[in-house]
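Written out below as structure tokens is the structure these notes cover.
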Amino acid sequence: MKHTLFASTALAACAMLATPAMAQDAADGVEPEADDDIIIVTATRRAEDVQDIPLAVTAVSPEQLDRQGVVNVQDITSVSPSFSTSNAQLASGSVVLRIRGVGTTSNNIGFESAVGIFIDGAYQSRPGVALSEFVDVERVEVLRGPQGTLFGRNTSAGALNITNRRPDLSEFGGFANATYGNRNLISVQGAVNLPVVQDTVAVRLTGAYRERDGYYTLLNGAGTNVGESNAADQFLLRGQVGWETDSGFSGRIIADYAESNAPFGAALEVLQSGIEGAGLFGAVGLGARGGMSGPAVATTPFDRTSAQAAVDSRTASVNFEPITQVENWGITGEFEFPISDSADIIYIGSYREFSSFEAYDSDFSGLDVFNVTGNDTSIETMTHELRIQGDAWGGRLSWLIGGYYSDESITQSASFQLGADYGELIGALFAGATGGASLFPPPAGLGLGANPLTLFSGGIDPAGTTNTNLYSQDSKSWSVFTHNTLDITDSLDLTVGLRYSDESKDGAFAQGNNNNTLCPAVLGAIGAGGVPVPFINTVFGTGCFAFTAPADLPAAAVFPLPRTFAGEFSDSELIYTVKLGYEFAAPINVYASYTHGYKSGGFNLDSTAAAGGADPRFLSEEVDAYEIGLKAKLLDNAVVLNVAAFREEFSNFQVLEFTGAQFTTFNVPKANTQGLEIESTIRPNDNFTFNLGITYTDAAYPNDCAGTQTAPNVLALCGNSLTNAPEIVGIAGGLYEKEISNSLKFTLNGQVRFESDRRTSTQAVDPSNLAARIPVPFDEQDGNIKVNMRAGIGEIDGAWTVEAFVNNLTNEITRGVTFNTVLRSGSRSAFIQEPRSYGVTVRTKF
């Protein structure tokens, strides 16, 4: 069989700044000549030239990853204009991937990404599981648009298909890289390939270690440096055994282990709350800014200068340095059995265990208000995929049928604590509500500096209140699928794909240790009429703070209090695609496609998901996608031009929103994205290569997005763009290569990425006053330009190379996510993206 999976993954594929693609032909065992003009991908689960497939896909080679400083999934933004990513306070659990402006907001272990990640053919159930370092990678493919017919689960927005370099059965070799850079960066990477039985069995061992200081400075309320955040301290080990027998049976077994222990998750305040601006923190004994250190922040929503100054300083206020500990290991097996000259059976199975422990100051201030003392997460995932694929009718039909099964188990234990300053902060909130006067006259006598919760609860101090929430979810997914391409004529191809997918989940929330006596006492005071009516909501909301309130209190029938739950979710869907491709001439192809995609619903694994009798489940997300495209090679292949126009219509679009006191999930009936993508490579001569890419995306909730819903948080989205979906993203780069002697070569590479303005939070307007349509403060990140550069000199054959690099040359500090600061109404905080980095890399290969 000419196009087999084993052959496809043996291909050294390449992208815009490409190296030759090489492969082992399974039919005759000969190795074809290198061809700089062919870029082989497996986006269709077959080995095909990227220019021949009716699909918008960006293929990135290891050389391009190195030149742009792409060290993990989140850095792919520098090489693909249609891809973006953001992260919040959890290193592992709050990663959001987006393609064409569409992604699923994270920070809830029950939410699954709309961009699926596949490593060596195996599905990774959460983006955080795939954050290990890119090392010894053969190819990264960014598949744009829904991919559900071929790529198992949760690919309603697109997929990342990552392939690691497999063992070479015939030659000993390897490489070693070392990097030193600013913020005390130390990075070491290496691999060695060992043929055990010549041309039959080989072993490949890969490793990487990275350490770097964080780019946040952390100060406590006294102004003392207590550490750093967003640092790197990680390593990866991967071992592979690959083989191919005389009978054609081939495959590999991959085992990997990774750890990360760097502090992560600090946030910067960019807008003061009203109580800060009124000086009420000082009035209740908390200091002028409530013990918060760092530069002055904005005092009005439009004071962008001071807000950006706070971002540029990268100084955050916390009580303690975050703790982050992540372990991740797995085994993947890939086996291929030829059953005839034109057909193969392919099996890919995987088992993975992921665990993380994280603790952090969750009020993001120098106040000791609210701490996450332990967020312990465990994910176990097993996947199986079996495919039979081949050719028929003299090669005119390429057919594939298969089945898929996955089993995932999630457990999470989240422990919270109210700090020593919690009651005083609430006192400042009450004082702010009354203009600094006492709440009501003596003898009730609540003075300005008092703790109102202690008064209303009969003397209970909230400080020291602790609670542990326990979440679990077991998911099972199975599907059967087929994907077939028929050459109707020598120029016209028809592709039809179908997948029937069935999802079932058991989700539960229970409560562990809880010592909260404050909430029951406050509820008793409210019930007895001991709380003035104007202050009932505030007293309840702060005295029964959602993360620490006891579950299943009798008052849960009246108030939105935590309720334990254990339930089931099930759904099924037929996913399908139809594509037509036409070849005008050998280098010019056009295509049109329609795809119906799907992403499973599930459970909101949050303590308030069932509050007030609400259903903790959310619905599945569906999408209808239309695309037309052109792929061309012009001027004797000196110019590659790919163009795609698309429209994607989502129904029951899944959204997670943090309100400042809890996480809520809901489905928006309508969301759309449409636009135009252009990618091009230009090689005017042997010394220069230019790559250009631009994406125009109109990703938005239509004005009638709510349908029949009346919920304010849904209505507030209608008419606004999706989160972190800039209208225009452009990439332009150039590579200059020149031999400067018989043995030395010089390279110079530069890349510029531009993006227009984008929203950085879930909500665009204040949902409490929809009629006024007041914009949420500091929601918009201004357009920006980021520049990467790299220069190197080394031997022509690559035996050694020395490179100097700088990423984000102009040190643009941008916000990835902006949110309502915990327990400080009117305050806004932000998670920022990486500042300038630079250093020197030495590469060797043997």
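With respect to the conditions (1) assigned to a strand (DSSP E or B); (2) surrounded by fewer than 17 Cβ atoms within 10 Å (Cβ to Cβ); (3) small (Gly, Ala, Ser), Gly798 falls short on a single one, namely (1).
For every residue, the table says whether it meets (1) closer than 23 Å to Cys705 by Cα; (2) part of a strand (DSSP E or B); (3) in contact with a helix residue (DSSP H, G or I) (Cβ under 6 Å, 6 or more places away or on another chain); (4) among the aromatic types (Phe, Trp, Tyr).
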| position | (1), (2), (3), (4) |
| --- | --- |
| Asp624 | yes, yes, no, no |
| Glu627 | yes, yes, no, no |
| Leu630 | no, yes, no, no |
| Lys633 | no, yes, no, no |
| Asn637 | no, no, no, no |
| Leu641 | no, yes, no, no |
| Phe646 | yes, yes, no, yes |
| Glu649 | yes, yes, no, no |
| Gln654 | yes, yes, no, no |
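Looking only at the range 759-795, residues that are of a type in the set (D, E, K, R) and closer than 21 Å to Val297 by Cβ come to 5 in all.
Just one residue in the set Ala278, Ala288, Ala298, Ala202 is free of Cβ contacts under 8 Å to residues at least 24 places away in the same chain and not aromatic (Phe, Trp, Tyr); that residue is Ala288.
The requirement of being closer than 30 Å to Asp474 by Cβ, under 27 Å from the mean Cα position of the chain (by Cα), in contact (Cβ under 8 Å) with a residue 12 or more places away in the chain and assigned to a strand (DSSP E or B) is not satisfied by Asn672.
Conditions tested, residue by residue: (1) under 25 Å from Asp686 (Cα atoms); (2) at pLDDT 95 or above; (3) surrounded by fewer than 19 Cβ atoms within 10 Å (Cβ to Cβ).
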{"site": "Leu630", "(1), (2), (3)": "no, yes, yes"}
{"site": "Leu634", "(1), (2), (3)": "yes, no, yes"}
{"site": "Ala638", "(1), (2), (3)": "yes, no, yes"}
{"site": "Ala644", "(1), (2), (3)": "no, yes, no"}
{"site": "Glu648", "(1), (2), (3)": "no, yes, no"}
{"site": "Ala661", "(1), (2), (3)": "no, no, yes"}
{"site": "Thr665", "(1), (2), (3)": "no, no, no"}
{"site": "Gly675", "(1), (2), (3)": "no, yes, no"}
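Taken over the range 170-202, the residue count meeting the criterion of being exposed (fewer than 14 other Cβ atoms within 10 Å of the Cβ), within 36 Å of the chain's Cα centre (by Cα) and among the aromatic types (Phe, Trp, Tyr) is 1.
Within the range 718-738, the residues that satisfy the criterion of being surrounded by 19 or more Cβ atoms within 10 Å (Cβ to Cβ), closer than 30 Å to Gly792 by Cα and touching a Pro at 6+ places or on another chain (Cβ under 9 Å) are Val729, Ile731. May I ask you to list the residues in the range 86-114 that are in contact with a Lys or Arg (Cβ under 7 Å, 6 or more places away or on another chain) and in a strand (DSSP E or B)? Ile99, the sole residue that qualifies. If the condition is being assigned to a helix (DSSP H, G or I) and closer than 13 Å to Ile162 by Cβ, then the range 53-73 contributes Pro62, Leu65, Val73. Scanning the range 78-124 for residues that are at pLDDT 90 or above, over 9 Å from the mean Cα position of the chain (by Cα) and hydroxyl-bearing (Ser, Thr, Tyr) yields Ser80, Ser82, Tyr123. Yes or no: Asn788 more than 29 Å from Phe658 (Cβ to Cβ) and either more than 22 Å from the chain's Cα centre (by Cα) or assigned to a strand (DSSP E or B) (or both)? Yes. Within the range 237-267, which residues are without any contact (Cβ under 8 Å) to a residue 60 or more places away in the chain and either touching a Cys at 6+ places or on another chain (Cβ under 9 Å) or within 24 Å of Tyr209 (Cβ to Cβ) (or both)? Result: Leu237, Gly239. In the range 801-844, which residue that is over 17 Å from Thr315 (Cβ atoms) and of a type in the set (D, E, K, R) is surrounded by the fewest Cβ atoms within 10 Å (Cβ to Cβ)? Filtering first and then ranking leaves Glu812.
The values are calculated or read from the model by the stated rules, or taken from the named source; none is laboratory data. This one's a predicted model, so the numbers in the text were calculated from it and none came from an experiment. Every residue, glycine as well, gets a Cβ built from its backbone with ideal geometry; the counts of neighbours run over all protein chains shown.
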